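Working notes, structure below.
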Amino acid sequence: MQSHNEWRDIGLKLADAFDEMVAHGARARLHAQAAFARLMHGKEPIEYVRGPATPHHLIHEGPLARLLHYPSARAGGSAKPILLVASLINKYYVMDLLSDLSVIALLNRRGFDVYVLDWKAPGAAGPSLAFTDYVDGVIPAAARMVGGKHGGALPAVIGYCMGGTLSVMFAARHPDKLRALCLLGTPVEFGLSGALAKLTDRRSFDADLLMDVLGNMPPAMMQSGFKMLNPADAFNKLISLMRDAADGERVRHFVALESWLDDNVAFPGGVYRDYIRALYQDDKLCKRTMTIGGTAVDLAKLTVPLLNVIALRDHICAPPASRALMPLVGSKVAEIMEFDTGHIGLTASRRSLAELWPRIADWMELRT
Amino acid sequence: MAPFDFLSIAATPMFSAWQRAAAEMMTAAARDPRLMKLSAGMMRSQLLWGRAFNNAWQASWAPIDALADRDGSNV
(Lines give C-alpha, C1' and ligand atoms only; values in the text may rest on other atoms or scores of the structure.)
Protein backbone atom coordinates (compact mmCIF):
# COMPACT_ATOMS: atom_id res chain seq x y z
CA MET A 1 0.00 0.00 0.00
CA GLN A 2 1.43 3.40 -0.98
CA SER A 3 0.70 4.94 2.37
CA HIS A 4 2.96 7.94 1.68
CA ASN A 5 0.67 8.95 -1.20
CA GLU A 6 -2.35 8.35 0.98
CA TRP A 7 -0.92 10.83 3.49
CA ARG A 8 -0.83 13.43 0.72
CA ASP A 9 -4.47 12.68 -0.16
CA ILE A 10 -5.47 12.96 3.52
CA GLY A 11 -3.62 16.28 3.67
CA LEU A 12 -5.62 17.62 0.71
CA LYS A 13 -8.92 16.52 2.27
CA LEU A 14 -7.91 18.11 5.59
CA ALA A 15 -7.06 21.31 3.74
CA ASP A 16 -10.59 21.37 2.28
CA ALA A 17 -12.09 20.86 5.74
CA PHE A 18 -9.87 23.66 7.05
CA ASP A 19 -11.08 26.00 4.28
CA GLU A 20 -14.68 25.31 5.27
CA MET A 21 -13.87 26.04 8.90
CA VAL A 22 -12.20 29.31 7.89
CA ALA A 23 -15.30 30.31 5.92
CA HIS A 24 -17.59 29.74 8.91
CA GLY A 25 -15.14 31.57 11.15
CA ALA A 26 -14.96 34.52 8.78
CA ARG A 27 -18.76 34.80 8.68
CA ALA A 28 -18.94 34.75 12.48
CA ARG A 29 -16.10 37.30 12.74
CA LEU A 30 -17.81 39.67 10.32
CA HIS A 31 -21.06 39.46 12.26
CA ALA A 32 -19.16 40.21 15.47
CA GLN A 33 -17.45 43.21 13.86
CA ALA A 34 -20.78 44.43 12.54
CA ALA A 35 -22.42 43.99 15.95
CA PHE A 36 -19.65 46.01 17.58
CA ALA A 37 -19.96 48.75 14.96
CA ARG A 38 -23.77 48.82 15.43
CA LEU A 39 -23.29 48.99 19.22
CA MET A 40 -21.14 52.11 18.80
CA HIS A 41 -24.15 53.71 17.10
CA GLY A 42 -26.53 52.46 19.80
CA LYS A 43 -28.20 50.02 17.37
CA GLU A 44 -29.19 46.36 17.63
CA PRO A 45 -27.07 43.78 15.77
CA ILE A 46 -28.34 42.65 12.37
CA GLU A 47 -29.92 39.22 11.91
CA TYR A 48 -27.47 36.45 11.04
CA VAL A 49 -26.90 36.43 7.28
CA ARG A 50 -26.43 32.96 5.86
CA GLY A 51 -25.27 31.83 2.39
CA PRO A 52 -27.68 31.56 -0.54
CA ALA A 53 -30.85 33.53 0.21
CA THR A 54 -33.48 32.03 -2.10
CA PRO A 55 -35.02 28.58 -1.49
CA HIS A 56 -33.63 25.93 -3.81
CA HIS A 57 -33.13 22.19 -3.88
CA LEU A 58 -30.44 19.73 -4.85
CA ILE A 59 -31.22 17.63 -7.89
CA HIS A 60 -27.90 15.89 -8.43
CA GLU A 61 -24.56 15.57 -6.68
CA GLY A 62 -21.43 14.37 -8.42
CA PRO A 63 -17.78 14.29 -7.32
CA LEU A 64 -17.05 17.76 -8.73
CA ALA A 65 -20.30 19.68 -8.33
CA ARG A 66 -23.79 19.84 -6.99
CA LEU A 67 -26.59 20.74 -9.42
CA LEU A 68 -29.09 23.00 -7.67
CA HIS A 69 -32.53 24.06 -8.89
CA TYR A 70 -34.12 27.44 -8.25
CA PRO A 71 -37.68 27.05 -9.58
CA SER A 72 -39.45 29.76 -11.50
CA ALA A 73 -41.74 32.00 -9.44
CA ARG A 74 -44.39 32.06 -12.19
CA ALA A 75 -47.10 29.48 -11.74
CA GLY A 76 -48.14 27.31 -14.67
CA GLY A 77 -46.65 27.43 -18.16
CA SER A 78 -43.31 26.05 -19.18
CA ALA A 79 -40.42 27.92 -17.65
CA LYS A 80 -37.30 28.36 -19.78
CA PRO A 81 -34.20 26.79 -18.25
CA ILE A 82 -30.99 28.64 -17.49
CA LEU A 83 -27.79 26.92 -16.40
CA LEU A 84 -25.51 29.10 -14.30
CA VAL A 85 -21.79 28.30 -14.45
CA ALA A 86 -19.86 30.09 -11.72
CA SER A 87 -16.13 30.53 -11.43
CA LEU A 88 -14.03 27.86 -9.71
CA ILE A 89 -12.55 30.69 -7.64
CA ASN A 90 -15.59 32.04 -5.75
CA LYS A 91 -18.92 30.45 -4.97
CA TYR A 92 -22.02 31.03 -7.10
CA TYR A 93 -24.19 32.63 -4.46
CA VAL A 94 -22.96 36.17 -5.10
CA MET A 95 -25.90 35.92 -7.50
CA ASP A 96 -28.17 35.07 -4.57
CA LEU A 97 -26.67 37.15 -1.80
CA LEU A 98 -29.73 38.52 0.03
CA SER A 99 -33.47 38.11 -0.40
CA ASP A 100 -33.69 41.63 -1.86
CA LEU A 101 -30.37 41.41 -3.73
CA SER A 102 -30.59 38.26 -5.79
CA VAL A 103 -30.06 37.95 -9.53
CA ILE A 104 -31.37 34.39 -9.39
CA ALA A 105 -34.60 35.52 -7.70
CA LEU A 106 -35.01 38.19 -10.41
CA LEU A 107 -34.63 35.56 -13.13
CA ASN A 108 -37.14 33.34 -11.28
CA ARG A 109 -39.64 36.24 -11.18
CA ARG A 110 -39.14 36.70 -14.91
CA GLY A 111 -40.22 33.10 -15.40
CA PHE A 112 -36.89 31.28 -15.74
CA ASP A 113 -36.00 28.02 -14.02
CA VAL A 114 -32.42 28.53 -12.86
CA TYR A 115 -30.05 25.63 -12.39
CA VAL A 116 -26.70 26.22 -10.74
CA LEU A 117 -23.46 24.26 -10.75
CA ASP A 118 -22.17 24.62 -7.20
CA TRP A 119 -18.54 23.53 -7.40
CA LYS A 120 -17.32 21.24 -4.62
CA ALA A 121 -13.95 21.15 -2.90
CA PRO A 122 -11.70 19.06 -5.18
CA GLY A 123 -9.91 17.13 -2.42
CA ALA A 124 -7.41 14.46 -3.37
CA ALA A 125 -8.62 14.38 -7.00
CA GLY A 126 -7.71 18.05 -7.56
CA PRO A 127 -4.12 17.60 -8.78
CA SER A 128 -5.23 15.26 -11.56
CA LEU A 129 -8.24 17.25 -12.79
CA ALA A 130 -8.10 19.13 -16.10
CA PHE A 131 -10.26 21.53 -18.10
CA THR A 132 -11.75 18.61 -19.98
CA ASP A 133 -13.33 17.26 -16.79
CA TYR A 134 -15.38 20.46 -16.61
CA VAL A 135 -15.78 21.56 -20.23
CA ASP A 136 -16.42 18.10 -21.67
CA GLY A 137 -17.63 16.42 -18.49
CA VAL A 138 -19.60 18.22 -15.80
CA ILE A 139 -21.06 21.12 -17.80
CA PRO A 140 -22.44 19.08 -20.73
CA ALA A 141 -23.79 16.51 -18.28
CA ALA A 142 -25.54 19.26 -16.34
CA ALA A 143 -26.93 20.76 -19.56
CA ARG A 144 -28.27 17.33 -20.53
CA MET A 145 -29.83 16.84 -17.10
CA VAL A 146 -31.45 20.29 -17.24
CA GLY A 147 -32.76 19.61 -20.75
CA GLY A 148 -34.18 16.30 -19.54
CA LYS A 149 -36.25 18.13 -16.94
CA HIS A 150 -37.66 20.46 -19.61
CA GLY A 151 -38.75 17.99 -22.24
CA GLY A 152 -35.47 18.15 -24.09
CA ALA A 153 -35.37 21.96 -24.28
CA LEU A 154 -31.81 23.26 -24.38
CA PRO A 155 -30.79 25.56 -21.53
CA ALA A 156 -29.37 29.02 -21.93
CA VAL A 157 -26.04 29.24 -20.13
CA ILE A 158 -24.86 32.17 -18.01
CA GLY A 159 -21.14 32.13 -17.20
CA TYR A 160 -19.57 34.49 -14.67
CA CYS A 161 -15.86 35.40 -14.73
CA MET A 162 -13.83 32.18 -15.10
CA GLY A 163 -17.15 30.34 -15.27
CA GLY A 164 -17.71 32.35 -18.43
CA THR A 165 -14.36 31.17 -19.80
CA LEU A 166 -15.40 27.57 -19.09
CA SER A 167 -18.78 28.30 -20.72
CA VAL A 168 -17.11 29.76 -23.83
CA MET A 169 -15.03 26.60 -24.25
CA PHE A 170 -18.10 24.43 -23.59
CA ALA A 171 -20.18 26.36 -26.14
CA ALA A 172 -17.40 26.09 -28.75
CA ARG A 173 -17.01 22.34 -28.26
CA HIS A 174 -20.68 21.46 -27.68
CA PRO A 175 -22.75 24.07 -29.59
CA ASP A 176 -25.63 21.59 -29.82
CA LYS A 177 -26.06 21.45 -26.04
CA LEU A 178 -27.13 25.02 -25.27
CA ARG A 179 -29.57 27.53 -26.69
CA ALA A 180 -27.77 30.80 -25.92
CA LEU A 181 -24.80 32.09 -23.97
CA CYS A 182 -24.59 35.09 -21.66
CA LEU A 183 -21.18 36.04 -20.26
CA LEU A 184 -20.49 38.30 -17.29
CA GLY A 185 -17.04 39.86 -16.80
CA THR A 186 -15.44 37.01 -18.75
CA PRO A 187 -11.78 37.18 -19.74
CA VAL A 188 -10.85 35.69 -23.08
CA GLU A 189 -7.66 37.56 -24.02
CA PHE A 190 -5.95 37.19 -20.66
CA GLY A 191 -2.98 39.35 -21.59
CA LEU A 192 -5.35 42.33 -21.58
CA SER A 193 -7.00 41.49 -18.26
CA GLY A 194 -5.00 44.06 -16.30
CA ALA A 195 -3.13 43.67 -13.02
CA LEU A 196 -3.76 39.92 -12.75
CA ALA A 197 -1.90 39.40 -16.03
CA LYS A 198 1.12 41.18 -14.50
CA LEU A 199 0.90 39.17 -11.26
CA THR A 200 0.97 35.88 -13.21
CA ASP A 201 3.80 36.86 -15.58
CA ARG A 202 5.86 33.77 -16.43
CA ARG A 203 9.10 35.46 -15.37
CA SER A 204 7.95 35.68 -11.75
CA PHE A 205 5.10 33.18 -11.37
CA ASP A 206 5.65 29.42 -11.59
CA ALA A 207 2.26 27.69 -11.36
CA ASP A 208 3.82 24.24 -11.80
CA LEU A 209 6.11 24.72 -8.81
CA LEU A 210 3.18 25.99 -6.74
CA MET A 211 0.99 23.01 -7.58
CA ASP A 212 3.85 20.49 -7.19
CA VAL A 213 4.04 21.53 -3.55
CA LEU A 214 0.46 22.46 -2.68
CA GLY A 215 -1.56 20.04 -4.78
CA ASN A 216 -4.58 22.35 -5.05
CA MET A 217 -4.57 26.17 -4.92
CA PRO A 218 -5.67 27.16 -1.40
CA PRO A 219 -8.41 29.81 -1.41
CA ALA A 220 -6.52 31.95 1.11
CA MET A 221 -3.60 32.24 -1.29
CA MET A 222 -5.91 32.87 -4.25
CA GLN A 223 -7.78 35.59 -2.38
CA SER A 224 -4.55 37.23 -1.25
CA GLY A 225 -3.69 37.70 -4.93
CA PHE A 226 -6.96 39.56 -5.46
CA LYS A 227 -6.41 41.60 -2.31
CA MET A 228 -3.03 42.68 -3.69
CA LEU A 229 -4.94 44.47 -6.47
CA ASN A 230 -6.23 46.92 -3.86
CA PRO A 231 -4.17 46.56 -0.69
CA ALA A 232 -5.87 49.31 1.31
CA ASP A 233 -9.36 48.02 0.57
CA ALA A 234 -9.75 46.01 3.79
CA PHE A 235 -8.64 49.00 5.86
CA ASN A 236 -11.04 51.40 4.09
CA LYS A 237 -13.94 48.95 4.35
CA LEU A 238 -13.46 48.59 8.10
CA ILE A 239 -13.47 52.37 8.59
CA SER A 240 -16.61 52.65 6.44
CA LEU A 241 -18.31 49.92 8.46
CA MET A 242 -17.56 51.67 11.74
CA ARG A 243 -18.71 55.01 10.38
CA ASP A 244 -21.90 53.90 8.60
CA ALA A 245 -23.14 51.13 10.90
CA ALA A 246 -26.31 53.05 11.77
CA ASP A 247 -27.64 52.00 8.35
CA GLY A 248 -28.78 48.39 8.90
CA GLU A 249 -29.21 47.65 5.18
CA ARG A 250 -25.69 48.77 4.42
CA VAL A 251 -24.31 46.60 7.22
CA ARG A 252 -26.31 43.60 6.00
CA HIS A 253 -24.94 44.07 2.49
CA PHE A 254 -21.39 44.47 3.79
CA VAL A 255 -21.56 41.34 5.97
CA ALA A 256 -23.19 39.26 3.22
CA LEU A 257 -20.64 40.28 0.59
CA GLU A 258 -17.55 39.98 2.79
CA SER A 259 -18.71 36.59 4.07
CA TRP A 260 -19.11 35.42 0.50
CA LEU A 261 -15.61 36.68 -0.36
CA ASP A 262 -14.14 34.50 2.38
CA ASP A 263 -16.26 31.44 1.55
CA ASN A 264 -14.32 29.53 -1.11
CA VAL A 265 -13.18 26.06 -2.05
CA ALA A 266 -9.72 25.16 -3.27
CA PHE A 267 -8.99 25.54 -6.97
CA PRO A 268 -8.18 22.10 -8.45
CA GLY A 269 -4.44 21.93 -8.96
CA GLY A 270 -4.50 20.26 -12.37
CA VAL A 271 -6.85 22.90 -13.77
CA TYR A 272 -4.85 25.69 -12.11
CA ARG A 273 -1.66 24.72 -13.97
CA ASP A 274 -3.46 24.99 -17.32
CA TYR A 275 -5.39 28.08 -16.29
CA ILE A 276 -2.20 30.00 -15.57
CA ARG A 277 0.08 28.51 -18.23
CA ALA A 278 -2.29 28.17 -21.19
CA LEU A 279 -4.57 31.14 -20.50
CA TYR A 280 -2.81 33.84 -18.49
CA GLN A 281 0.74 33.24 -19.70
CA ASP A 282 0.33 31.87 -23.25
CA ASP A 283 -3.11 33.36 -24.08
CA LYS A 284 -3.92 30.26 -26.13
CA LEU A 285 -7.69 30.77 -26.21
CA CYS A 286 -7.63 33.96 -28.24
CA LYS A 287 -4.62 32.80 -30.28
CA ARG A 288 -6.71 29.77 -31.39
CA THR A 289 -4.10 27.31 -30.09
CA MET A 290 -5.98 26.14 -27.00
CA THR A 291 -6.43 22.39 -26.67
CA ILE A 292 -8.45 20.43 -24.17
CA GLY A 293 -8.16 16.67 -23.86
CA GLY A 294 -5.88 16.69 -26.91
CA THR A 295 -8.38 18.43 -29.20
CA ALA A 296 -8.61 22.06 -30.24
CA VAL A 297 -10.99 24.68 -28.85
CA ASP A 298 -12.21 26.47 -31.96
CA LEU A 299 -14.09 29.63 -30.97
CA ALA A 300 -15.46 29.91 -34.53
CA LYS A 301 -17.66 26.93 -33.65
CA LEU A 302 -19.37 28.99 -30.95
CA THR A 303 -22.47 29.75 -33.01
CA VAL A 304 -25.24 30.20 -30.45
CA PRO A 305 -26.63 33.69 -29.72
CA LEU A 306 -24.13 35.45 -27.49
CA LEU A 307 -24.48 38.32 -25.02
CA ASN A 308 -21.22 39.61 -23.56
CA VAL A 309 -21.84 41.76 -20.48
CA ILE A 310 -18.87 43.96 -19.61
CA ALA A 311 -18.28 45.96 -16.43
CA LEU A 312 -16.54 49.19 -17.38
CA ARG A 313 -14.75 49.50 -14.00
CA ASP A 314 -13.73 45.84 -13.83
CA HIS A 315 -10.17 45.56 -12.48
CA ILE A 316 -10.23 41.76 -12.41
CA CYS A 317 -11.22 41.34 -16.03
CA ALA A 318 -10.44 44.60 -17.79
CA PRO A 319 -13.00 45.34 -20.57
CA PRO A 320 -10.59 44.72 -23.49
CA ALA A 321 -10.03 41.16 -22.24
CA SER A 322 -13.76 40.48 -22.70
CA ARG A 323 -14.30 42.44 -25.90
CA ALA A 324 -11.57 40.35 -27.58
CA LEU A 325 -14.05 37.45 -27.82
CA MET A 326 -16.40 39.13 -30.29
CA PRO A 327 -14.41 38.85 -33.56
CA LEU A 328 -13.46 35.26 -32.77
CA VAL A 329 -16.89 33.63 -32.50
CA GLY A 330 -19.10 32.31 -35.25
CA SER A 331 -22.38 33.54 -33.73
CA LYS A 332 -24.69 35.46 -36.06
CA VAL A 333 -26.19 37.16 -33.01
CA ALA A 334 -23.39 38.52 -30.83
CA GLU A 335 -23.94 41.61 -28.71
CA ILE A 336 -22.04 43.54 -26.08
CA MET A 337 -23.82 45.12 -23.12
CA GLU A 338 -21.67 47.54 -21.12
CA PHE A 339 -22.44 48.76 -17.62
CA ASP A 340 -20.62 51.22 -15.40
CA THR A 341 -19.79 49.05 -12.43
CA GLY A 342 -17.04 46.78 -11.06
CA HIS A 343 -16.55 43.04 -11.40
CA ILE A 344 -18.59 42.07 -8.36
CA GLY A 345 -21.00 44.95 -8.89
CA LEU A 346 -22.31 43.13 -11.99
CA THR A 347 -24.29 40.86 -9.70
CA ALA A 348 -24.06 42.22 -6.16
CA SER A 349 -25.18 45.82 -6.52
CA ARG A 350 -28.70 47.16 -6.27
CA ARG A 351 -28.06 49.41 -9.27
CA SER A 352 -27.16 46.43 -11.46
CA LEU A 353 -30.21 44.57 -10.25
CA ALA A 354 -32.44 47.54 -11.09
CA GLU A 355 -30.87 48.71 -14.35
CA LEU A 356 -28.79 45.92 -15.90
CA TRP A 357 -30.45 42.64 -15.13
CA PRO A 358 -33.91 43.50 -16.52
CA ARG A 359 -32.14 44.16 -19.85
CA ILE A 360 -30.28 40.84 -19.61
CA ALA A 361 -33.55 39.04 -18.81
CA ASP A 362 -35.19 40.74 -21.83
CA TRP A 363 -32.36 39.48 -24.05
CA MET A 364 -32.64 35.97 -22.60
CA GLU A 365 -36.41 35.94 -23.22
CA LEU A 366 -35.88 37.00 -26.81
CA ARG A 367 -33.07 34.55 -27.58
CA THR A 368 -34.28 31.44 -25.74
CA MET B 1 -11.15 62.48 30.84
CA ALA B 2 -13.71 62.30 28.01
CA PRO B 3 -14.35 58.79 26.62
CA PHE B 4 -12.88 57.97 23.22
CA ASP B 5 -15.58 58.87 20.66
CA PHE B 6 -14.57 57.26 17.38
CA LEU B 7 -17.63 58.45 15.50
CA SER B 8 -16.99 62.11 16.24
CA ILE B 9 -13.32 61.74 15.39
CA ALA B 10 -14.10 59.84 12.17
CA ALA B 11 -16.35 62.67 11.05
CA THR B 12 -13.51 65.19 11.04
CA PRO B 13 -11.57 66.27 7.91
CA MET B 14 -8.33 65.42 9.72
CA PHE B 15 -9.42 61.80 10.09
CA SER B 16 -10.34 61.60 6.39
CA ALA B 17 -6.93 62.99 5.49
CA TRP B 18 -5.24 60.45 7.78
CA GLN B 19 -7.31 57.63 6.26
CA ARG B 20 -6.33 58.66 2.73
CA ALA B 21 -2.65 58.97 3.64
CA ALA B 22 -2.61 55.61 5.46
CA ALA B 23 -4.30 53.90 2.49
CA GLU B 24 -1.80 55.43 0.05
CA MET B 25 1.13 54.33 2.23
CA MET B 26 -0.22 50.77 2.44
CA THR B 27 -0.73 50.61 -1.32
CA ALA B 28 2.72 52.05 -2.06
CA ALA B 29 4.35 49.61 0.35
CA ALA B 30 2.49 46.60 -1.07
CA ARG B 31 3.35 47.60 -4.64
CA ASP B 32 6.98 48.52 -4.01
CA PRO B 33 8.93 46.55 -6.65
CA ARG B 34 11.67 45.71 -4.14
CA LEU B 35 9.15 44.27 -1.69
CA MET B 36 7.36 42.36 -4.47
CA LYS B 37 10.69 40.93 -5.68
CA LEU B 38 11.66 39.98 -2.11
CA SER B 39 8.32 38.31 -1.32
CA ALA B 40 8.21 36.51 -4.69
CA GLY B 41 11.77 35.29 -4.03
CA MET B 42 10.91 34.13 -0.52
CA MET B 43 7.84 32.27 -1.75
CA ARG B 44 9.82 30.68 -4.58
CA SER B 45 12.59 29.45 -2.28
CA GLN B 46 10.02 28.08 0.18
CA LEU B 47 8.28 26.24 -2.65
CA LEU B 48 11.59 24.89 -4.01
CA TRP B 49 12.41 23.52 -0.55
CA GLY B 50 8.92 22.06 -0.36
CA ARG B 51 9.27 20.33 -3.72
CA ALA B 52 12.73 19.07 -2.85
CA PHE B 53 11.39 17.60 0.39
CA ASN B 54 8.48 15.95 -1.45
CA ASN B 55 10.85 14.43 -4.02
CA ALA B 56 13.19 13.18 -1.29
CA TRP B 57 10.24 11.69 0.60
CA GLN B 58 8.99 9.93 -2.56
CA ALA B 59 12.51 8.68 -3.31
CA SER B 60 12.90 7.30 0.21
CA TRP B 61 9.77 5.20 -0.25
CA ALA B 62 10.85 3.87 -3.67
CA PRO B 63 12.70 0.75 -2.37
CA ILE B 64 9.78 -0.15 -0.09
CA ASP B 65 7.26 0.38 -2.94
CA ALA B 66 9.45 -1.76 -5.24
CA LEU B 67 9.45 -4.59 -2.66
CA ALA B 68 5.70 -4.30 -2.23
CA ASP B 69 5.23 -4.30 -6.04
CA ARG B 70 7.27 -7.47 -6.32
CA ASP B 71 5.23 -9.38 -3.81
CA GLY B 72 1.96 -8.00 -5.16
CA SER B 73 0.87 -6.18 -2.01
CA ASN B 74 1.17 -2.70 -3.54
CA VAL B 75 -2.37 -2.28 -4.87
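The values are calculated or read from the model by the stated rules, or taken from the named source; none is laboratory data. The structure presented is a predicted model; accordingly, all values stated were derived computationally and were not measured. Every residue, glycine as well, gets a Cβ built from its backbone with ideal geometry; the counts of neighbours run over all protein chains shown.
Remarks
- Subset of region A:228-253 that is part of a helix (DSSP H, G or I), charged (D, E, K, R) and more than 9 Å from chain B (Cβ to nearest Cβ) - its residue that is nearest to B:Ala29 (Cα to Cα): A:Lys237
- Test: residue in region A:225-234 that is surrounded by fewer than 18 Cβ atoms within 10 Å (Cβ to Cβ), of a type in the set (D, E, K, R) and modelled with pLDDT under 90: yes
- Screening A:Ala35 with (1) under 27 Å from A:Val135 (Cα atoms); (2) away from every other protein chain (no Cβ under 14 Å); (3) not in a loop (DSSP other than H, G, I, E, B) gives one miss only, at (1).
- Residue in region A:43-55 that is surrounded by fewer than 18 Cβ atoms within 10 Å (Cβ to Cβ), part of a helix (DSSP H, G or I) and either within 14 Å of another protein chain (Cβ to nearest Cβ) or under 20 Å from the mean Cα position of the chain (by Cα) (or both) present: no
- Note on region A:84-184: enclosed strands (runs of 3 or more DSSP E) holding 3 or more residues that are buried (at least 23 other Cβ atoms within 10 Å of the Cβ) are A:112-119, A:156-160, A:180-184.
- If only residues of region A:189-227 that are in contact with a Leu (Cβ under 9 Å, 6 or more places away or on another chain), more than 13 Å from chain B (Cβ to nearest Cβ) and part of a helix (DSSP H, G or I) are counted, the one that is nearest to A:Trp7 (Cα to Cα) is A:Gln223.
- Residue check for A:Thr186: of a type in the set (Val, Ile, Thr), closer than 23 Å to A:Ala324 by Cα and within 13 Å of chain B (Cβ to nearest Cβ): no
- Some residue of region A:71-81 being touching a helix residue (DSSP H, G or I) at 6+ places or on another chain (Cβ under 9 Å), closer than 30 Å to A:Lys227 by Cβ and part of a strand (DSSP E or B): no
- Close pairs from region B:12-34: first closer than 16 Å to A:Leu229 by Cα and facing chain A (nearest Cβ under 9 Å), partner aromatic (Phe, Trp, Tyr) and part of a helix (DSSP H, G or I), Cβ under 7 Å, at least 6 apart: B:Ala23/A:Phe235; B:Met26/A:Phe235
- Test result for A:Leu192, surrounded by fewer than 21 Cβ atoms within 10 Å (Cβ to Cβ) and either in contact with a strand residue (DSSP E or B) (Cβ under 6 Å, 6 or more places away or on another chain) or farther than 27 Å from A:Asp262 by Cβ (or both): yes
- Cβ-Cβ under 6 Å pairs, at least 6 apart or on other chains, region A:17-35 side at positive phi, far side of a type outside the set (Asp, Glu): none
- Some residue of region B:34-55 being at pLDDT 85 or above, over 24 Å from A:Met211 (Cα atoms) and assigned to a helix (DSSP H, G or I): yes
- Looking only at region A:349-368, residues that are within 21 Å of the chain's Cα centre (by Cα) and hydroxyl-bearing (Ser, Thr, Tyr) come to 2 in all.
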